[in-house]
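The values are calculated or read from the model by the stated rules, or taken from the named source; none is laboratory data. Computed from a predicted structure; not experimentally measured. So basically every Cβ, Gly included, is an ideal-geometry build from the backbone, and we count neighbours across all protein chains shown.
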Amino acid sequence: MRLPSTLLASLFLLFIVVNPTFAQNPLNTIRESVQQKQTERKEAAKENKEQIVETRQALKEDRIETRQATKEEKIETKQASREARVEARQERREAVKEKIQTRREEIKVKREERREELKAKLEEFKDQRKAQIAERVDEKITQLNTNATTKMADHLARLDEILVELEERVATAKAQGKDTSQADVAIASAKSAISSAEAAVSSQAGKDYSVTVSSESTVKNDIATTRNSLNTDLQSTKQAVVSARQAVANAISTAKSSLGGGTNAQ
């Protein structure tokens, strides 16, 4: 059903009366409405973009903080582990030193008794010059053993320190996901070798090498016998220390070859 033309004209006039702006410029009104909507959409998009940027930044900061916290936690754990190993080794070294010192104190008492016996025996010598030489040599032999065992104990302590450093580097490599099984076995072997050498040094430090004089005529041979006994025992003890050094060197070499370097310990 079509509306009469007079009715359409009336409606158009009514719209113009109600919205005179449209009557003046209907195209501008439509354009402004579209522009307003576009502006609103742009502002909404801008706000969304800013929110996305803020969210991403917050997530990034959270990730950085998490990584930093994890890193600090790993460092603290690593440091605590290292300190525990160093402390354990230090306590063991102190125990070895204390044991050596105790052995020396024990033998000192026995040596004083044997020294008095030696002096009494030497006073019977007709050749007192020979007696004085024998007494000086007796003191020298004892001092040689003290100096040698002290030096070997210090060397073992240094080897122990090197092994602690190597353990730390191998532990770091293990934390990075590397296979450290070969290095671990070599380090355990080196630890065992050091412990054996320490026991040998401690035992050697507690030995008495006072010269036992049978008679004035045999004093030279008596001294030679004591000196040879000392040399033989020192060579045996030294070999234990050499074995420990070789075991540590092997641990370093094994760690370097199996882990691809970066584990050198000086």
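Do you know which residues across segment 135-160 are surrounded by 15 or more Cβ atoms within 10 Å (Cβ to Cβ), over 20 Å from residue 235 (Cβ atoms) and modelled with pLDDT of 90 or more?
Result: 157, 160.
Just one of 115, 111 is touching an Asp or Glu at 6+ places or on another chain (Cβ under 6 Å), surrounded by 14 or more Cβ atoms within 10 Å (Cβ to Cβ), among the basic types (Lys, Arg) and part of a helix (DSSP H, G or I); which is it?
After ruling out the rest, the residue left standing is 111.
Table: residues versus (1) within 30 Å of residue 257 (Cβ to Cβ); (2) in contact with an Asp or Glu (Cβ under 7 Å, 6 or more places away or on another chain); (3) in contact (Cβ under 8 Å) with a residue 24 or more places away in the chain.
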| residue | (1), (2), (3) |
| --- | --- |
| 173 | yes, no, yes |
| 179 | yes, no, yes |
| 188 | yes, no, no |
| 206 | no, yes, yes |
| 209 | no, no, yes |
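Please go through segment 223-236 and pick out each residue that is of a type outside the set (Ser, Thr, Tyr) and surrounded by fewer than 16 Cβ atoms within 10 Å (Cβ to Cβ).
Result: 224, 228, 231, 235.
Among the candidates 248, 219, 211, 242, single out the residue that is more than 30 Å from residue 184 (Cα to Cα), of a type in the set (A, V, I, L, M, F, W, C) and part of a helix (DSSP H, G or I).
After applying the criteria, what remains is 219.
Does residue 122 meet the test of being under 10 Å from residue 209 (Cβ atoms) and either exposed (fewer than 14 other Cβ atoms within 10 Å of the Cβ) or among the aliphatic types (A, V, I, L, M) (or both)?
Against the criterion (under 10 Å from residue 209 (Cβ atoms) and either exposed (fewer than 14 other Cβ atoms within 10 Å of the Cβ) or among the aliphatic types (A, V, I, L, M) (or both)), residue 122 does not qualify.
Residue 70: modelled with pLDDT under 70, of a type in the set (Ser, Thr, Tyr), more than 30 Å from residue 212 (Cα to Cα) and surrounded by 10 or more Cβ atoms within 10 Å (Cβ to Cβ), yes or no?
Judged against the criteria, residue 70 is a match.
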